[in-house]
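Here is the structure we will look at.
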Amino acid sequence: MSNKTSGQKAEDKIKAALTILNDLGLPRQQQNERSALTLLSLLGLKPASRWEDATDPLMGITPMMEFFEQHYGKKYAPNTRETVRRQTVHQFMQAALIVANPDKPSRPTNSPKAVYQIEPSVLKLLRGFGKPGWKGNLQKYLRTVEPLKKLYAREREMIRLPVRLANGQEIRLSAGGQNVLVKKIMDDFCPLFTPGSYVIYVGDTQAKWAYFDSDALSLLGVEIQEHGKMPYPTYEQLLHLGACVNKTMPNQETIDAVIEKECLSYGK
């Protein structure tokens with residue numbers, strides 16, 4: 001097969017994937033080449049593959065990008081990995097097109113071992129793309145989308161880690177990764193070593209702003225925007241924080257012993 005013919009097949013397959021994303025009602029921000037290639041990689045479809053031969057491989061972000069380049073000649077820089085995850089894969093999950101870590105649901109989303117798989121009913125639907133019954137099957141599928149979204153959202157919520165703040169509010173952190181240690185710090189360490197204190201910010205591997213007290217942060221001179229980054233504290237803020245902590249914290253040897261014990265336990 002000539003390079004020209006192969007290139008045309010690749011472009012045709014990408015256009016077909018874009019048509020599917022439009023038919024499925026994906027937002028315009030996800031109707032682009034990157035999202036089309038992501039869908040094709042998660043279906044294991046090469047330019048010459050038939051839609052009826054679509055599969056459901058477990059695939060991480062980096063293998064997806066390698067698939068783009070190897071089979072479609074579309075090379076994305078390594079630093080665009082987060083763009084693929086945050087601006088395509090995340091939206092595919094919200095639309096119930098794919099499932100994260102079906103082999104191990106508790107695996108954190110920022111784990112280098114995170115994998116994704118096409119949702120079974122989506123796979124069945126897309127194997128019929130281009131056939132006479134496509135439109136009818138599409139309408140049937142679309143009627144099931146909302147219940148499907150709720151089902152997967154409920155499953156994701158069930159494996160989250162509940163943490164109760166001093167004010168009685170409960171937040172739920174995504175399972176796995178550093179959040180296991182964050183929960184232990186808030187549940188065990190803080191009540192013992194910082195009695196009377198309260199949490200003003202908690203980050204999460206899935207939701208950056210799991211919790212933050214904007215008023216308390218403002219009193220400390222920290223101003224943040226919802227879509228911004230948590231700023232590093234100034235030298236003066238660290239001195240002020242250190243003075244406050246020093247009034248209630250035990251000696252350093254006691255702290256080091258507890259931290260060492262907890263870290264060793266966490267690593268097992």
Legend entry - Nitroxide proxy distance, nm - points 7 Å out along Cα→Cβ at Ser218 and Asp188: 3.7
Inset, instruction - At 0.36 nm per residue, minus the direct Cα-Cα distance, what do Asp103 and Glu11 gain on full extension? Give it in nm, one decimal, please. - result: 29.9 nm
Legend entry - Asn79 versus Glu146: modelled label distance in nm, points set 7 Å from Cα along the beta carbon direction: 4.3
Inset, instruction - With 28 Å as the limit, write out which pairs from Lys74/Lys104; Lys113/Lys135; Lys46/Lys135; Lys13/Lys124; Lys75/Lys183; Lys15/Lys113 have Cα-Cα distances beyond it, or answer none. - result: Lys74/Lys104; Lys113/Lys135; Lys75/Lys183; Lys15/Lys113
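No value in this document is a laboratory result; all are computed from the given coordinates. Just so you know, these numbers come straight off a predicted model, no measurement behind them. In this analysis, Cβ positions are derived from the backbone assuming ideal geometry, glycine residues included, and neighbour counts consider all displayed protein chains.
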